[in-house]
Amino acid sequence: MTKQEFLERLRRGLQGLPQEDIEERLTFYSEMIDDRMEEGLSEEEAVAEIGNVWEIISQILADTPLTKLVKEKIRPKSPVKPWVIVLLILGFPLWFPLLVAIVAIVLSVYVAVLAVMITLWAAVVVTAASALWGIISAAYFLTIGKGLSALSTLAVGFLCAGLAIFMFFACLAATKGIFWLTKKAAVGLKHMFVGKEKE
């Protein structure tokens, strides 16, 4: 891919950003390609070394605050026509409650998922505490001469310890997955505002 093709794809992918941000990114990547070409790389090698243009666009969008994208999207490109304003006012009793309902549903699903994650982590802590308590109780039973009780309590303590270790790694993976999904959802929402079409 040539430098011009790369910059053109980058420009198209960032259309939802403010114009000054687009120009700043284009200048940055243009200079980066020029620097690599001065180091002796060909134009295609310099562009390839920078990386995939769509991954760069996704990273830029991930780093851009959603409020900036929303402001750019709702900023009128031309004067708003009076009939559009009248339709918005007349449709307010319909579209505003629907918007509030959609936002409430999305937030409640997210809060429910977070509540499940907190509950799972609490279960890990309780299981680990049970393991510790089982080992301490086994030592106590051993000192008072109840060997069978000490053995059974120690077995339960080790069982809880193994379960706590297993649950810890499962919860860690689930938490990473939730954060990954949240990041992907945020980037997807930003892509909706930008309106980028991947080739």
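The values are calculated or read from the model by the stated rules, or taken from the named source; none is laboratory data. Just so we're clear, the structure is a prediction, and the values are computed from it rather than from any experiment. Neighbour counts run over all protein chains shown; Cβ positions are idealised from the backbone, glycine included.
Among the listed residues L154, L148, which satisfies the condition of being assigned to a helix (DSSP H, G or I) and surrounded by 12 or more Cβ atoms within 10 Å (Cβ to Cβ)?
Unique residue meeting the criteria: L154.
Sort out which residues of segment 50-64 are in a helix (DSSP H, G or I) and not hydroxyl-bearing (S, T, Y), and write them in order of number.
If the condition is that a residue be in a helix (DSSP H, G or I) and not hydroxyl-bearing (S, T, Y), then I50, V53, W54, E55, I56, I57, Q59, I60, L61, A62, D63 are the ones that fit.
When residues of segment 12-46 are filtered for being in a helix (DSSP H, G or I) and either more than 27 Å from M192 (Cα to Cα) or acidic (D, E) (or both), how many remain?
Looking only at that region, the number is 16.
Only residues in segment 14-42 that are closer than 14 Å to I56 by Cα and of a type in the set (V, I, T) count as the first member; pair them with residues that are crowded, with 16+ Cβ neighbours inside 10 Å and modelled with pLDDT of 90 or more, Cβ under 7 angstrom, at least 6 apart or cross-chain, and list the lot.
none
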